[in-house]
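Okay, structure first, notes after.
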Amino acid sequence: MYNYIIVDKLKKSKPQLNHNKKSKLSSFLSILRSLRPSLITGAADNDPSAITNYSQAGAKFGFDLLWVVVFLYPVGICARIGIITGRGLTSVICKKYSKIVAFPIVVLLIVGNIINISADIGAMAASIKLIFPQIPLIGFSIIFSIIILLSIILISYKKYARILRYLTLTLLVYFITAIIVGGNWKEMLLFSIIPHIELTPDFMMMIVAIFGNALSPYMLFWQTSEESEENIAKNKLKEMGLGKPTISRMEIRLIKIDVAIGMAFAVFVMWSIMVTTAGSLHFNEIYEIQTADQAAQALEPLVKTFPHSGEISKIIFVIGIIGTGLLAIPVFAGTCGYALSELFGWKEGLSKKFYQARQFYLIIIICIIIGLLINYINPISPIQMLLYAATINGIILVPILVIIMKIANDKKILGNRVNGLLSNILGWTITGIILCSVITFLFVKFL
């Protein structure tokens, strides 16, 4: 009788056990689904501009700039602002200050983004020309621009990004190459922790450019807008900027996890690219990267035991550049759309169809077309243009970070979810370091 009771209890407990397993699995899947915005932001952060500039940093200065990789923290603040307010960053700036304050910031953001769009289109065309040298650059540039525009207008960005972000995983080959190249790992660790400064124009320009890539202004605006769009996807808002969503503590925790994973990916790839090019180029006395072909050489140690290793490394490099470019350019253009739409009160959002937000999509189209045209009226090579674009972003970044830190401490906007002491220390420290870098760069460059 006792055995029957035990068996009966076990039978009754099995559905409960299965239910618990299912609930744990569904909770795990819900966490994974919630990680989209920052994973996309982190992947887009390693766009062709970033790959090229990190490669240049490693080739020219070896391990000297590895310490810069830790400065992505303010993206987390923007994610919190977006989900709590249900607004994009431009809208929040207008609310706290005015359109007069927001307007010059939006103009600078758009100028920087269009330059980045142009540079990324040029870099994608230059990279694929390594495989198909017989086709002119303008042909590739036009093809990529058309593909991106049609994808933005006809396909949901989330579906588009879901496909492309797998291509960005090719960037992990830099980590594998970094291991193969090897080197003194103790030295690498020390350079990653202890800042190294050289008061020369080239060194300071590279620091500002890395900050401009690693913490690009578009990331801060994009992250805020995408978190606001997540509120619409979860039916917490009908429109961005209309009403204030109810956010639980669990959702705030998930944002922290989201940002931590997305930015960890960006930092991991950034560090790996710099180590790879330092080990494969700098220590072989190749200090300047002027062409896509030279940047692709950094991956040759990965496939050196294979026949035609040079061609294989080019193909891997091209896949990474195209994947990140196709993902990042809509982010650059989309950020322009969000910023201007919020400034003038137009309908906005990549979740909307073209006819629902015409001005928003027209801004995106115009920005990409201007970016395409700049490639053919500008004598500067795509590789050099990427460096200049990142430097401009680094300079623009300072006033934007100051405003973000002010908003993050405003109880009228964020209620009781303002920055804590640690957040303020980290945020203001990073802002101060970038400001000092920009001032030093301008001083050594022009005085």
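Observations on the model:
- Accessible surface of region 310-447, 1.4 Å probe, proportion on carbon and sulfur as whole %: 71
- For a straight C-alpha distance cut-off of 13 angstrom, the aspartates and glutamates reachable from Lys256 (same-chain residues fewer than eight places away being disregarded) are Glu227.
- Computed from backbone phi, the HN-Hα couplings of region 393-405 come to 4, x, 6, 5, 4, 4, x, 5, 5, 4, 5, 4, 5 Hz, rounded to whole numbers (Karplus: 6.51 cos²θ - 1.76 cosθ + 1.60, θ = phi - 60°; Gly and Pro given as x).
- Out-of-range pairs (alpha-carbon distance over 21 Å; input Lys244/Lys347; Lys96/Lys353; Lys406/Lys445): Lys96/Lys353; Lys406/Lys445
- Between Ser156 and Leu435, the contour length at 0.36 nm per residue exceeds the Cα-Cα span by 96.7 nm.
- The accessible surface of region 99-138, taken with every protein chain in place and a 1.4 Å probe, is 86 percent carbon and sulfur.
- Taking the average, over residues, of other Cβ atoms within 10 Å as the packing measure, peptides 189-198, 220-229 rank 220-229, 189-198 from highest down.
- Relative packing of peptides 85-97, 205-217 - highest average C-beta neighbours within 10 Å first: 205-217, 85-97
- In this rough spin-label picture, where each label sits 7 Å from Cα along the Cβ direction, the Asp202-Met250 distance is 5.5 nm.
- Rolling a 1.4 Å probe across the protein heavy atoms gives region 301-447 an accessible surface of 45 Å² per residue.
- For the peptides 328-338, 405-415, residues were scored by their other Cβ atoms within 10 Å and the scores averaged per peptide; the highest-first order is 328-338, 405-415.
- The label-point distance for Glu288 and Ile131, in a model that sets each label 7 Å from Cα toward Cβ, rounds to 2.9 nm.
- Estimated distance in nm for a label pair at Arg417 and Tyr376, the labels positioned 7 Å out from Cα along Cα-to-Cβ: 4.7
- Phi-based couplings in Hz for region 99-115 (Karplus 6.51, -1.76, 1.60; Gly and Pro marked x): 5, 5, 6, 5, 4, x, 5, 5, 4, 4, 4, 5, 4, x, 5, 5, 4
The values are calculated or read from the model by the stated rules, or taken from the named source; none is laboratory data. Everything quoted here is computed from the prediction, not taken from an experiment. In this analysis, Cβ positions are derived from the backbone assuming ideal geometry, glycine residues included, and neighbour counts consider all displayed protein chains. Please note that ligands, DNA and RNA were not included when accessible areas were found on the heavy atoms of the full protein model with its side chains. Shrake-Rupley method; radii C 1.70, N 1.55, O 1.52, S 1.80 Å.
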